[in-house]
Amino acid sequence: MIDYLEAYNGGVRLYSEGGLKGWGSTAESIAYTLSTCGVANETYGSSSMDFASEYGFDNDEGAMLLMKRAFELI
């Protein structure tokens with residue numbers, strides 16, 4: 001189950017129990033990983049999710065907006 005998120009290179013890395021399970025730069029690719037791995041009851045994000053412009057997004061809200069769109073798809 002995905003329990004940790006981190007903005008990276010204009011996309012989001014998804015982790016489960018410390019292991020990288022996927023990376024996506026589109027809502028569809030992230031939704032696929034979330035659907036196949038599942039989502040933990042408690043999911044945490046690194047500070048990179050709040051400062052996404054430092055990790056390849058156009059603005060700081062970019063990573064959270066991408067995740068919101070991905071969650072809407074599942």
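The values are calculated or read from the model by the stated rules, or taken from the named source; none is laboratory data. As the structure is a prediction and not an experimental result, all values here were calculated from the model. Positions of Cβ are generated from backbone atoms using ideal geometry, with glycine treated the same way; all protein chains shown enter the neighbour counts.
Apart from one condition, Leu14 fits all of (1) within 10 Å of the chain's Cα centre (by Cα); (2) part of a helix (DSSP H, G or I); the exception is (2). State yes or no: is Ser25 touching a Phe, Trp or Tyr at 6+ places or on another chain (Cβ under 6 Å) and at pLDDT 95 or above? Considered against the rule, which asks whether it is touching a Phe, Trp or Tyr at 6+ places or on another chain (Cβ under 6 Å) and at pLDDT 95 or above, Ser25 comes out as no.
The sole residue among Ser53, Ser48, Ser16, Ser25 that is out of contact with any strand residue (DSSP E or B) (no Cβ under 7 Å at 6 or more places or on another chain) and of a type outside the set (D, E, K, R) is Ser53.
State all residues of the stretch 42-74 that are under 16 Å from Tyr4 (Cα atoms), without any contact (Cβ under 8 Å) to a residue 24 or more places away in the chain and not in a helix (DSSP H, G or I); if no residue qualifies, say none. Scanning the stretch 42-74 gives a single hit, Asp50.
Just wondering, is there one or more residues in the stretch 17-28 that are buried (at least 17 other Cβ atoms within 10 Å of the Cβ) and assigned to a helix (DSSP H, G or I)?
Yes, the stretch 17-28 contains at least one residue that is buried (at least 17 other Cβ atoms within 10 Å of the Cβ) and assigned to a helix (DSSP H, G or I).
Among residues of the stretch 13-24 that are touching a residue at least 24 places away in the same chain (Cβ under 8 Å), those with a Cβ under 7 angstrom from a residue that is crowded, with 18+ Cβ neighbours inside 10 Å, sequence gap 6+ or separate chain, pair up as Ser16/Ile2; Ser16/Asp3; Gly24/Gly11; Gly24/Val12; Gly24/Ile30; Gly24/Thr33.
For the stretch 32-41, a tally of residues being assigned to a helix (DSSP H, G or I) and farther than 15 Å from Arg13 by Cβ returns 2. The residues of the stretch 39-52 that are surrounded by 13 or more Cβ atoms within 10 Å (Cβ to Cβ), out of contact with any helix residue (DSSP H, G or I) (no Cβ under 7 Å at 6 or more places or on another chain) and either closer than 13 Å to Ala70 by Cα or not hydrophobic (A, V, I, L, M, F, W, C) (or both), listed by number, are Val39, Thr43, Gly45, Ser46, Asp50.
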